[in-house]
Amino acid sequence: LLSPILPWLELSMIDIKGSCDDASMRHIMFGDCAEKDTGISPPPSHCLSLTIRNNHALKAFFEHDIHITGGTELSFPCLTELHLNNVPNIVSLDIIGAKVKRAQNKTVSILEPDLQTLFIRSNKVMTELPLLMPSTLLSVSLKETVVSSLDNLLRCRLLKELDISGSKNIGDLPATLNFSENFPYLNRLNASQTKIITIDALNGCESLEVLLLDGTAQLRRLTKIPFLKELSLNYSDVSDLSLIEDHPTLTSLEIAWNKDIVAVPCLPAIKFLRLEGCSLLTEIAMLHGSPTLEVLKIEQCRNLVSLPALPRLKILSATCSGLTSDAIDQAFTDHARIEEIFLRGCPHVRREMPRMPNIRKIIVDDDNCV
């Protein structure tokens, strides 16, 4: 019971952090003004942010007369952020949606709050989202949950950020979701560590700029996303990169431990490129003369022995690669632009380097470089 000791009317943020082993907090109650004789204070009506972390006992949230209650009115009418972090047994989210409840044979509507952020993490019980999600939501995180469908998010047309990483029950992003039509403002999507097979729903999504697909072992192909800026395919089995070839806005690409990638397509806007553990990758010749590439990181790509001329390159990091000194000399066509060099486990690279007037950092592993 949260008593009137706290100045509810001025409170804007509540953070309730428990212990994973502590099952004592099963009920959180906020009284209303009608209960003055009980000594219970009015609800924190101006609270904007509520966080509950590491609680394994709480099973319902804002379920009237069970766990969190404010009489016949919603306790947090101004709430814009709700974070449930490692609260694995939550099964009810009655704050979400225009719910109704019975009171003295009358139907009383609970007004939907202006919720903008919904964060649910490490929940192992809630398999479906509430039917009526707040249309005001801008950011939703369902990280490491057992939610199996995103259909109930279709009402959230203002959504800008969506994180479903680690949600193993989400097996696909079917074309019926049509992100371009249903989420016209979505800017960032993290679908890492999921079992998605296709991302056809993202086809033509003009607002999407950041797409993270790390650990999507069953995904084989991409789709056309016209204004994508950042793409991460670490530990992914995507083998066909033709749909990002000549992409006009893609500035950052990461590919790690992909056994099928043999070449990198032409990327006219690329600024940051990371390649790791791509055992079949032998060349990146399509980037020859790139006017934009500034950072190149190569790790565990032993068959990549040559680099094209990269006139704008500022930072080169190579670990356990087959690169030679000649390859590095060829890449750095303008020594005045070089700012950082990191070489480790590159037995074919000489320690002697050309004069680089603007170098800030240079690390060469002497044990592996001749």
Checklist entry - Whole-Hz Karplus ³J(HN,Hα) for segment 245-256, in order, using 6.51 cos²θ - 1.76 cosθ + 1.60 and θ = phi - 60°, x for Gly and Pro? => result 5, 6, 5, x, 10, 5, 10, 9, 9, 10, 9, 10
Next on the checklist: Please list, ordered by chain and number, the residues whose modelled amide H lies under 5 Å from the amide H of Ile362; skip anything fewer than 5 residues away on the same chain.
Outcome noted: Ile341
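If you take every residue apart from Lys168 with its C-beta less than 12 Å away from the C-beta of Lys168, what net charge results, scoring Lys and Arg +1 and Asp and Glu -1?
Details: positive: Lys124, Lys143, Lys195; negative: Glu144.
Here the count lands on +2.
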Checklist entry - So which trypsin sites (Lys or Arg not before Pro) in segment 162-250 pass both tests, a DSSP loop state and at most 14 other Cβ atoms within 10 Å of the Cβ? => result Lys168, Arg220, Lys224
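Assuming R0 = 25 Å, can you tell me the calculated FRET efficiency for the pair Asn358 and Ala285, based on Cβ-Cβ distance, to the nearest 0.05? Each step should come with its number before you reach the end.
Details: r = 27 Å, r/R0 = 1.08.
Here the calculated transfer efficiency is 0.40.
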Checklist outcome for this item: Within segment 342-363, the residues whose backbone N lies under 12 Å from a label point placed 7 Å from the Cα of Ala336 along the Cα-to-Cβ direction are 357-358
Item to check | q = 0.13, 0.14, 0.15 Å⁻¹: log10 I(q)/I(0) that the Debye formula gives for segment 183-297, counting C-alpha atoms only | outcome: -0.45, -0.52, -0.60
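From the square roots a ≥ b ≥ c of the eigenvalues of the alpha-carbon gyration tensor of segment 281-320, which class results: rounded (a/c under 1.5), prolate (a/b over b/c), or oblate? Could you put the intermediate results ahead of the total?
Details: a/c = 2.89, a/b = 1.40, b/c = 2.06.
It comes out oblate by the Cα gyration axes.
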Item to check | Summed side-chain charge close to Tyr185 - residues other than Tyr185 whose Cβ falls under 13 Å, Lys, Arg +1, Asp, Glu -1 | outcome: -1
Checklist entry - Ignoring ligands, DNA and RNA, what accessible area per residue does segment 211-370 give at 1.4 Å, in Å²? => result 45 Å²
Checklist outcome for this item: The local net charge around Arg220, scoring Lys/Arg +1 and Asp/Glu -1 for residues other than Arg220 whose Cβ lies under 10 Å from its Cβ, equals -2
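Between Asp260 and Met13, what is 0.36 nm times their sequence separation minus the Cα-Cα distance? Round to one decimal in nm.
The span from Asp260 to Met13 would gain 84.0 nm if fully extended.
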Next on the checklist: In whole Hz and in residue order, list the ³J(HN,Hα) couplings for segment 153-158 that follow from phi through the Karplus curve 6.51 cos²θ - 1.76 cosθ + 1.60, θ = phi - 60°; x for Gly and Pro.
Outcome noted: 8, 4, 6, 8, 6, 8
Checklist entry - Using a 1.4 angstrom probe with every protein chain in place, what is the largest-first accessible-area order of Phe227, Phe119? => result Phe227, Phe119
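The values are calculated or read from the model by the stated rules, or taken from the named source; none is laboratory data. What you see is a predicted model, and the numbers here were worked out from it, not measured in a lab. Cβ: placed from backbone, ideal geometry, glycine included. Neighbour counts: every protein chain shown. All accessible areas refer to the heavy atoms of the entire protein, side chains included, with ligands and DNA or RNA removed. Shrake-Rupley method; radii C 1.70, N 1.55, O 1.52, S 1.80 Å.
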